[in-house]
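The values are calculated or read from the model by the stated rules, or taken from the named source; none is laboratory data. Quick caveat: nothing in here was measured; it's all calculated off a predicted structure. Backbone-built Cβ (ideal geometry, glycine too); neighbour counts: all protein chains shown.
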Amino acid sequence: MHGAAIVGQNRQLARDVFLLSLQAPELARAAAPGQFLMLRVTSGPEPLLARPFSIHAVEGDDVGVLYRVVGRGTRLLAQATAGQRLELWGPLGRGFDLALERPLLVAGGMGIAPLRFAAQRLTARGARPRLLCGLASATGLGGLVEAVDECLTAQSCAVSWVTEDGSLGERGLVTALLDRALEGVDGVLCCGPMAMLRAVAEACGRQGVACQVSLEAPMACGVGACLGCVIPAADGGYLRACQEGPVLPAAAVDWPRLA
């Protein structure tokens with residue numbers, strides 16, 4: 001769809017983290033986990049370009065977007081209020097293959113954004129997902145942690161937290177726990193910082209576990225025209241994050257070139 005959506009709520013979960021709910025029935029019906037939408041906050045000249053956002057959840061006719069304020073566009077989005085109309089188009093891109101029975105979801109920081117929707121659909125089809133989520137620190141993120149725990153526990157998805165400073169769950173990097181976490185898993189869905197994605201891809205490769213990664217890349221159009229989001233491919237070419245991705249088999253990515 002390409003049109004307007006109405007803001008239902010724009011709830012602040014932490015200092016710079018918000019959960020936006022949009023009334024967008026057509027988008028809600030068509031969306032699949034791992035896909036994204038392009039969202040433009042204003043009809044004025046600034047910001048000129050729309051921003052890409054993962055689809056965090058679908059509840060009836062409402063679409064959830066989890067985002068962090070990092071620049072002018074998201075600062076304006078944080079000011080959106082109930083009833084406001086926002087321009088959007090989507091769903092866009094390639095989502096996760098959910099043909100799994102015992103999947104492990106691995107998130108780094110805001111990489112949790114597309115994985116809640118994936119957990120929602122996985123449990124609905126009878127799978128038993130687990131989530132391993134890593135943060136630098138839980139300090140100041142209490143609302144985010146509570147929201148994730150509440151919604152995924154309700155979906156029968158077990159959640160394990162890892163923090164670098166030990167403020168929540170185990171202390172360390174989420175990637176350090178992978179060898180143990182991969183036991184009995186038939187597939188991994190992963191989203192987070194690029195270095196983490198590469199480490200997860202390598203760990204899965206060592207253990208022969210299929211891995212899907214959700215990649216972030218700068219986007220101007222979201223439909224494959226601008227070529228601003230190309231990802232180096234393992235075959236020597238390039239893949240567009242907005243078309244062939246954002247979800248790709250980890251083995252399809254040329255990780256050394258990407259780094």
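Looking only at residues that are crowded, with 19+ Cβ neighbours inside 10 Å and in contact with a Gly (Cβ under 7 Å, 6 or more places away or on another chain) in region 216-249, which one is nearest to Leu104 (Cα to Cα)?
In this case the residue turns out to be Val247.
Is it true that Val185 is assigned to a strand (DSSP E or B) and surrounded by 15 or more Cβ atoms within 10 Å (Cβ to Cβ)?
no
Can you run down the residue pairs with Cβ atoms below 6 Å, 6 or more apart or on separate chains, where the first is in region 56-85 and at negative phi and the partner is among the hydroxyl-bearing types (Ser, Thr, Tyr) and at pLDDT below 95?
Tyr67/Thr74
Residue-by-condition table, conditions (1) assigned to a strand (DSSP E or B); (2) on the phi < 0 side of the Ramachandran plot; (3) surrounded by fewer than 14 Cβ atoms within 10 Å (Cβ to Cβ):
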| residue | (1), (2), (3) |
| --- | --- |
| Val148 | no, yes, no |
| Ser156 | no, no, yes |
| Gly166 | no, no, yes |
| Arg180 | no, yes, yes |
| Leu189 | yes, yes, no |
| Leu197 | no, yes, no |
| Ala201 | no, yes, no |
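Taking region 133-145 only, how many residues are in contact (Cβ under 8 Å) with a residue 60 or more places away in the chain and out of contact with any strand residue (DSSP E or B) (no Cβ under 6 Å at 6 or more places or on another chain)?
Here the count works out to 4.
Yes or no: region 145-153 includes at least one residue that is polar (S, T, N, Q) and under 27 Å from Val70 (Cβ atoms). Steps first, answer last, please.
Initial filter on region 145-153 (polar (S, T, N, Q)): 153.
If we keep only those that are under 27 Å from Val70 (Cβ atoms) as well, we get none.
Scanning region 145-153, I find no residue that is polar (S, T, N, Q) and under 27 Å from Val70 (Cβ atoms), so the answer is no.
Across region 1-18, which residue is modelled with the lowest pLDDT among those that are surrounded by 14 or more Cβ atoms within 10 Å (Cβ to Cβ) and in contact with a Gly (Cβ under 6 Å, 6 or more places away or on another chain)?
Going through the qualifying residues, I end up with Ala14.
Looking only at region 96-123, which residues are over 10 Å from the mean Cα position of the chain (by Cα), buried (at least 24 other Cβ atoms within 10 Å of the Cβ) and assigned to a loop (DSSP other than H, G, I, E, B)?
Answer for region 96-123, where residues must be over 10 Å from the mean Cα position of the chain (by Cα), buried (at least 24 other Cβ atoms within 10 Å of the Cβ) and assigned to a loop (DSSP other than H, G, I, E, B): just Phe96.
Exactly one of (1) under 18 Å from the mean Cα position of the chain (by Cα); (2) farther than 29 Å from Ala252 by Cα; (3) at pLDDT 95 or above is unmet by Val70. Its number?
Against the list (1) under 18 Å from the mean Cα position of the chain (by Cα); (2) farther than 29 Å from Ala252 by Cα; (3) at pLDDT 95 or above, Val70 comes up short only on (3).
In the list Val58, Val7, Val63, Val70, which residue meets the criterion of being β-branched (Val, Ile, Thr) and either more than 27 Å from Gly140 (Cα to Cα) or assigned to a loop (DSSP other than H, G, I, E, B) (or both)?
One residue alone meets the criteria, Val70.
So which of Val253, Val230, Val247 is farther than 24 Å from Leu98 by Cβ, within 20 Å of the chain's Cα centre (by Cα) and of a type in the set (A, V, I, L, M)?
Answer to the selection: Val230.
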